[in-house]
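Let me begin by presenting the structure, written as structure tokens, before commenting on it.
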Amino acid sequence: MSDRRVRVRFAPSPTGPLHIGGVRTALYNYLFARKHGGDCLLRIEDTDQNRFVPGAEEYILEALTWAGIRFDEGPHNGGPHAPYRQSERKDMYRQYAMQLIEAGHAYYAFDTTEELDAMRERLKAGSTPAQYDAVSRGSMRNSLTLSADEVEKKLSAGEPYVIRIKLPRKEEVRFHDAIRGWVVVNSSQMDDKVLFKSDGMPTYHLANVVDDYLMDISHVIRGEEWLPSAPLHVMLYRYLGWEDRMPVFAHLPLLLKPEGNGKLSKRDGDRLGFPVFPLQWTDPASGEVSSGYRETGYDPHAVVNMLALLGWHPSFNRELFTMDELIQEFSLEKVSKSGAKFDLQKALWFNHHYLMEKDPAQLAAELMPQLQEAGYQAEQDYLAKVVAMMREKVGFAKEIISQGKYFFQDPETFDSQVIAKKWKAGTEVFLNELAADYAALEVFSAEATEETFKTRCATRGETPGQWMQILRVAVSGAAAGPPVFEMLSLLGKETICRRLNHAASHITPITA
Ligand code: GLU
């Protein structure tokens, strides 16, 4: 790598919620910058006023902050190249379009929408590409076909115009992509893209290249969907005389549907039951709500770990990485060219891993608001013990509350399958006997409750296996859960005795 300071940017357009693929792009930029001791910028590309969606920029920042991705410069925290919102940089772009016109690399075009449509129709019938290019521009109304006087007249009359790049008719455009190697395109395949629009705003292409240059961006790491634009950007660097400051391009592979055919879309998420957005999003126009990883209950570390591996292949097939480890290991050389299939099972697996890794006390603190929201009260220490006991069994932390309700309130219903199968005449006698045994215990530990239970079974000439499920259901209402005697010990003597007596007098056998 050259000795140029690494400076990368994530440059989303605020046109809606950030797709999870966008989070991955931001992550790779962040990892790359940190790894090389460089800077990671956030730039909001909002030059297309028609596509602006209120709340999208705030969403993007909140989502990336949640994921632990930090920016050294951006609209929220400023920096030496402020402003970082293109709409606020509006006045900077025209001069570069003018510079291109003066150098003969761009031109004014006055064609109306109808004229452009007619041109495309005409060309579609023939064998040449239906595009505004070195061939077709000769028959259109632009500053290459009109006289200087006419152009002057139109401009001073305020006639609407756009500025287009003037590409050569047939020339190879090549650049080296850090992930894809050499990319070669012939300019005959490219059209004279609009750089500056009639509304006085630059297009994405001009604003993007100008800002990358002015912000001294060393590497452009972005999604594969931008690969077709890269040759045009290369031409802009050349025509603006900035070739020696042209960034290294790296186009990331697409995130594919789990089946592998095509780009992962919101519809796939709805169909297969996983979010495609980092945070929940409510569409301001339609009110439609899309689910998010955060609200579904994913740990941001799990999401980051999963996303890092969707397209990047570290040595030795290692899978678990903290953010710091990712920073250490990440390299563009190990990013693959081919698309990465989204894998829901893997996402769940990562989440469970991080759930098991976390300090129970911290998890308890995080769960406290949700516990209160569910209408329960508990001390944080107690909740931490519930967490430690329950997390093995659940996919998401919040399920500790929904599946472990009985840790916070007496059960109101009892698993009907277990009752149907195991409750016989006299079961209530057993439960009352056990409650009396337990009431006499001085130390209500897991060992003591187990010992007492076994003794009671033996006294009756029965096996513990005959009563185990009844015991669990009587105290928790649920057919499955954590090790039963640990659960009893945590719930405590008073609660357990109360629940056993209650079950004895309230449960009635279920007959088929
Ligand atoms: N504004 C573009 C986007 O929305 C940026 C593409 C790029 O990184 O050049 O993704």
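The values are calculated or read from the model by the stated rules, or taken from the named source; none is laboratory data. Owing to the predicted nature of the structure, the values given are computational and were not obtained by experimental measurement. Backbone-built Cβ (ideal geometry, glycine too); neighbour counts: all protein chains shown. Calculation scope for accessible area: heavy atoms of the full protein, side chains included, ligands and nucleic acids excluded. Shrake-Rupley method; radii C 1.70, N 1.55, O 1.52, S 1.80 Å.
Under the condition of being crowded, with 20+ Cβ neighbours inside 10 Å and of a type in the set (Lys, Arg), the residues counted in region 155-171 number 2. Within the set Arg122, Arg174, the sole residue that is open to solvent by 30 Å² or more (accessible area, probe 1.4 Å), part of a strand (DSSP E or B) and of a type outside the set (S, T, N, Q) turns out to be Arg174. So, in region 376-403, of the ones that are among the small types (Gly, Ala, Ser) and open to solvent by 40 Å² or more (accessible area, probe 1.4 Å), which residue ends up farthest from Gly492 (Cα to Cα)? Here the answer is Ser402. Assess whether Ser13 counts as being open to solvent by 20 Å² or more (accessible area, probe 1.4 Å), polar (S, T, N, Q), within 16 Å of the ligand (Cβ to nearest atom) and within 22 Å of Ser290 (Cβ to Cβ). In short, yes.
The rows are residues; the columns are (1) open to solvent by 10 Å² or more (accessible area, probe 1.4 Å); (2) out of contact with any Lys or Arg (no Cβ under 7 Å at 6 or more places or on another chain); (3) closer than 27 Å to Glu58 by Cα.
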site: Val194; (1), (2), (3): yes, no, no
site: Ala207; (1), (2), (3): no, yes, yes
site: Ile221; (1), (2), (3): no, yes, yes
site: Tyr237; (1), (2), (3): no, yes, no
site: Val248; (1), (2), (3): yes, yes, no
site: Pro258; (1), (2), (3): yes, no, no
site: Tyr293; (1), (2), (3): no, yes, yes
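Listed by position, the strands (runs of 3 or more DSSP E) contained in region 177-248 that have at least 3 residues being closer than 20 Å to Ala106 by Cα are 194-196. Applying a threshold of 7 Å to beta carbon distances and a minimum spacing of six or more residues, or different chains, the list of pairs starting in region 1-26 at a residue that is touching a residue at least 12 places away in the same chain (Cβ under 8 Å) and under 23 Å from Pro284 (Cβ atoms) and ending at one that is part of a loop (DSSP other than H, G, I, E, B) and more than 13 Å from the ligand (Cβ to nearest atom) reads Leu18/Pro278; His19/Val276; Ile20/Val276; Ile20/Pro278; Gly21/Leu264; Val23/Ala67; Val23/Pro278; Ala26/Ile69.
All told, Gln95 falls short of being within 14 Å of the ligand (Cβ to nearest atom), over 26 Å from His313 (Cβ atoms) and at pLDDT 95 or above. Within region 478-496, the set of residues being part of a helix (DSSP H, G or I) and touching a residue at least 24 places away in the same chain (Cβ under 8 Å) comprises Phe485, Glu486, Met487, Leu488, Ser489, Leu490, Leu491, Lys493, Thr495, Ile496.
Among the candidates Arg267, Arg180, single out the residue that is at negative phi, among the basic types (Lys, Arg) and at pLDDT below 95. Spell out the reasoning first.
Values: Arg180 fails: at pLDDT below 95.
That would be Arg267, the only listed residue that is at negative phi, among the basic types (Lys, Arg) and at pLDDT below 95.
Filtered by the rule that a residue be open to solvent by 10 Å² or more (accessible area, probe 1.4 Å) and either within 10 Å of the ligand (Cβ to nearest atom) or modelled with pLDDT under 95 (or both), region 224-234 gives Glu225, Trp226, Ser229.
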